[in-house]
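Here is the structure we will look at.
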Amino acid sequence: MTKLEELIKKLCPNGVEFVELGTITDLHKGIQFNKANMAKEGSYPVINGGIEPSGYIEQFNENEYTITISQGGASAGYVNWLETKFWAGAHCYIIKPLNEEKLLNRYLYHFIKNKEEQLRKCQYGAGIPALGKETISNLLIPLPPLAVQREIVRILDEFTLLSAELAAELVARCKQYEFCRDKLLTFENKIEYMTVRDVIVGLKTGLNPRQNFKLNVEGAICNYITGKDILNNSICISDRTDKITKEIVALINKRSCLQDNILLFASTGTGTVGRMTIVDHYDELWNVSETLYCIKTKDSVLVKYLMYILYSQQAKMQFEPKISKGSVPHLKVEDLLNVKIPVPPLEVQERIVKVLDNFDAICSDLKIGLPAEIEARKKQYEYYRDKLLTFDLNPNTIYQTDRQTDRQTDRQTDRQTDRQTDRQG
């Protein structure tokens, strides 16, 4: 019998109390901070609705070791643990235990992280998705004795520590790969330089649903790919990938003309501009948005060589400064087509691609090496987190309350505030 099993048998043999989060936590939003006053670097990150900081400033409104939940945007429901002081923005919830003698902060984090997918599925709003405060407040959390909470935290933190160490090693390996890639793609002056415009047959895009069709309608079984669906040079389908019908796929393809050996380049989106992948086997069961450039190369340039050269620093230094700095970053077609790249003979391109393919597999292939181990640890953590946070209910201690009127009032107030914040921010 493990230590945890012994504790549960001794301290809560008849199950545990379940209570609503809203009754035992302080749940509130942050304060709007003007993006124009943020910097790319600074002392304190500004946390809003995204996964990454919105920027950095020189003041903070929350302390270390705080749980945040994204309130607005495509990532609404994302749960984070901040180990530094930070500024909580208006599209961010902060949640803290009211009494740590009953609920440990880190135990609360693991519980809410376990509910992350459930929260994401509760997004509302046709424009900018949002997460209602009552959705979080109504979650029922099991409250075992503190000794049990501490042991659960100890076990789960061991998993997260190992994953963090593996991730740090992978980051170091990726930097080494980027260094080698840039060295391989640096040539002497005798190599001819050409613009992207000169080495491609054409550049097309997909279609915008707002003007041409609706997403996620009945009978929509095909995938509608945007920049967020491209990760590690691959198309990654998730439950957040939008769906379209076969008829819409055919409609979009009249414009995008997808086929094998097409390079997809993400032109729009925070954190997604510049993501790329190559279409290997187009099966006509998916198509792309207007935010993806569909590029076909001439016979003199390998499509994968073009992808690798566009990832290089010499190419990024040309197009990244031209990405618009608005609320939705965007790279214009002309600014990509005017990028100058070295074009060695095909046999040289083939050798470079072979070397970089091997490096890329080591850094991103989920079937081998560190990426595979990180993915295995992630799944292991999620499995044990779900298992360790599952308790029998003690029917004599369940917290019961009727807060329906309060919930409706909270819901209306939250959504009115969200709309005001969206207009201001």
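The values are calculated or read from the model by the stated rules, or taken from the named source; none is laboratory data. Remember, it's a predicted structure, so these values are computed and weren't measured experimentally. Virtual Cβ from ideal backbone geometry, glycine too; neighbours counted across all protein chains shown. SASA here: full protein model, heavy atoms, side chains in, ligands and nucleic acids out. Shrake-Rupley method; radii C 1.70, N 1.55, O 1.52, S 1.80 Å.
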Return the whole-Å distance between the Cα centroid of the range 84-151 and the Cα centroid of the range 12-60.
10 Å
If the cut-off is 19 Å between C-alpha atoms, which aspartates and glutamates fall inside it for LYS190, apart from same-chain ones fewer than 8 positions away?
ASP182, ASP198, GLU347, GLU350
In Å and on Cα atoms, what radius of gyration and Dmax does the range 36-170 show?
15.7, 47
Overall Cα dimensions of the chain, principal axis frame, Å, largest first
78, 48, 48
Taking GluC sites (Glu not before Pro) that fall in a DSSP loop and have at most 16 other Cβ atoms within 10 Å as cut points, what is the longest piece of the chain between them?
285-425
Of the accessible area of the chain, with the probe set at 1.4 angstrom, what percent is carbon plus sulfur?
50 percent
Taking 8 Å as the Cα distance limit and 6 or more residues as the minimum spacing, I'd like the relative contact order of the chain as a percentage.
18 percent
Amide H of LYS85 versus every other amide H placed in the peptide plane: which residues, excluding those fewer than 5 positions away on the same chain, fall under 5 Å?
GLU64
Relative to the first principal axis of the alpha-carbon coordinates of the chain, what is the inclination of helix 246-256, with its axis defined by its Cα atoms, in degrees from 0 to 90 and to the nearest 10?
40 degrees
Suppose accessible area is computed on protein heavy atoms with a 1.4 Å probe; arrange ASP242, ASP392 from highest to lowest.
ASP392, ASP242
By how many degrees, 0 to 90 and rounded to 10, does the Cα axis of helix 346-364 deviate from the longest principal axis of the chain?
0 degrees
Identify all lysines with a Cα-Cα distance to LYS204 below 16 Å; exclude those on the same chain that are fewer than 8 residues away in sequence.
LYS254, LYS296, LYS298, LYS332
Residue-wise HN-Hα coupling along the range 171-180, computed from phi with Karplus coefficients 6.51, -1.76, 1.60 (Hz; x: Gly, Pro):
4, 4, 5, 5, 5, 5, 4, 4, 5, 5
When all protein chains stay in place, what accessible area (Å², nearest 10, 1.4 Å probe) is found for LEU161?
100 Å²
If you roll a 1.4 Å probe over the heavy atoms of the protein chains, what accessible area per residue do you get for the chain, in Å²?
54 Å²
Simple spin-label estimate for ASN14/LYS243, 7 Å along Cα→Cβ, in nm, reads 4.6 nm
Inter-label distance for LYS175 and VAL348, nm, one decimal - labels placed 7 Å from Cα along Cα-to-Cβ
3.0 nm
Per-residue ellipticity at 222 nm for the chain, helices alone: DSSP H runs ≥ 4 residues times -39500 (n - 2.57), over residue total, nearest 500 deg cm²/dmol?
-12500 deg cm²/dmol
Residues of type lysines that LYS113 reaches as a straight line, Cα spacing below 25 Å, ignoring anything fewer than 8 places off in the same chain:
LYS3, LYS29, LYS85, LYS96, LYS102, LYS121, LYS133, LYS228, LYS378, LYS379, LYS387
Heavy-atom accessible area of HIS281, protein chains in place, probe 1.4 angstrom, given in Å² to nearest 10, is 150 Å²
How do TYR44, TYR384, TYR109 stack up against each other in accessible area, from largest to smallest, with a 1.4 angstrom probe?
TYR384, TYR44, TYR109
